[in-house]
Amino acid sequence: MLSPFGVRTLAVEADVLDPGAADRVMDSVEREWGTLDILINNVGGGGRWGKANVEETELRVWEEVYEKNAMAAIRFTRRALPLMRKNRWGRVVAITSIFGGKEGIGRPWFVAAKAAETGLMKSLSTTSYLVRDGITFNCVAPGGIYIDGTGFEDEKLRDPAAFERMIDREYPLGRLGTPEEVASVVAFLCSEQASLVNGANITVDGGQSRSF
């Protein structure tokens, strides 16, 4: 995708549920580039895992959702910080969710994991020696985003009329968001123009959430 623009790219295959994945990826980045300016913690999921009945959901689900969201962000961020501090500049952005600290609704293993990820970014944003080295830490909390091959597509195919009624009822704009609309906010946070934005948790949901 970036090659036509003359951008040098590096692809590393990794399973973030493997505790050693972050080290392998970041070792490759350090060998290839020697530094790092931007980290987007965009690994996530698990909001539909488990069962509606909390007591019937195995602890394994809680553990996997936490690993996939919070622990992946912790491991990658930890490895990125020394590389960013070399140049005294960096941007760390976590893609969280309105259901992880903003709204507090949803399946509790997902809410707990995303709230932990949000808390991680907020805590790091107050860590003086990091932010005074020019590194900022922020969250972007999307609402419903339509991505082909995900649960929303399944719902739409299963019952198109019910899906449209749900969209009309739950989403003030009358539509779901797009990945590009989330990416635009992330791009701003990673720019020089966002130098004073640190510790923010920015909602990108078209008014879906009810919280301030």
Point to revise | Residue pairs meeting the criteria (Cβ under 6 Å; at least 6 apart or on separate chains; first touching a residue at least 40 places away in the same chain (Cβ under 8 Å), in region 60-78; second of a type in the set (Asp, Glu)) | key: Asn69/Glu117; Ala70/Glu117; Ala73/Glu117
Check your understanding: Looking at Ala22, Ala72, Ala11, Ala52, which is the one that is within 16 Å of Leu124 (Cα to Cα) and either touching a helix residue (DSSP H, G or I) at 6+ places or on another chain (Cβ under 7 Å) or of a type in the set (Gly, Ala, Ser) (or both)?
Key -> Ala72
Study note, to complete from the structure: The condition of being within 18 Å of Val93 (Cα to Cα) and in contact with an Asp or Glu (Cβ under 7 Å, 6 or more places away or on another chain) holds, among Val185, Val131, Val204, Val197, only for Val204
**Study point:** Count - residues of region 126-180 that are more than 21 Å from the chain's Cα centre (by Cα) and in a helix (DSSP H, G or I)
**Key:** 18
Check your understanding: Quick one: what pairs do we get from region 195-212, first residue among the acidic types (Asp, Glu), second outside any loop (DSSP other than H, G, I, E, B), C-beta under 9 Å, 6+ apart or different chains?
Key -> Asp205/Ile98; Asp205/Lys102; Asp205/Ala141; Asp205/Pro142; Asp205/Ile145; Asp205/Gly177
Check your understanding: What are the residues in region 3-28 that are surrounded by 12 or more Cβ atoms within 10 Å (Cβ to Cβ) and over 20 Å from the mean Cα position of the chain (by Cα), if any?
Key -> Arg24, Asp27, Ser28
Exercise for review: Tell me which residues, restricted to region 1-22, are part of a helix (DSSP H, G or I), closer than 13 Å to Arg75 by Cα and out of contact with any Phe, Trp or Tyr (no Cβ under 6 Å at 6 or more places or on another chain).
Suggested key: Ala21
Revision key, fill the gap. Across region 51-84, the tally of residues that are under 21 Å from Arg132 (Cα atoms), surrounded by fewer than 16 Cβ atoms within 10 Å (Cβ to Cβ) and over 19 Å from the mean Cα position of the chain (by Cα) stands at 1
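Residue-wise test of (1) without any contact (Cβ under 8 Å) to a residue 40 or more places away in the chain; (2) of a type outside the set (Val, Ile, Thr); (3) farther than 18 Å from Leu189 by Cβ.
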| residue | (1), (2), (3) |
| --- | --- |
| Val92 | no, no, no |
| Ser97 | no, yes, no |
| Gly100 | no, yes, no |
| Glu103 | no, yes, yes |
| Trp109 | no, yes, yes |
| Ala113 | no, yes, yes |
| Val131 | no, no, no |
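Read-outs: derived from the displayed coordinates by stated rules, not from any lab. Because the structure is predicted, anything quoted here is derived from the model rather than measured. Here the Cβ is made from the backbone with ideal geometry for all residues, glycine too, and neighbour counts use every protein chain on show.
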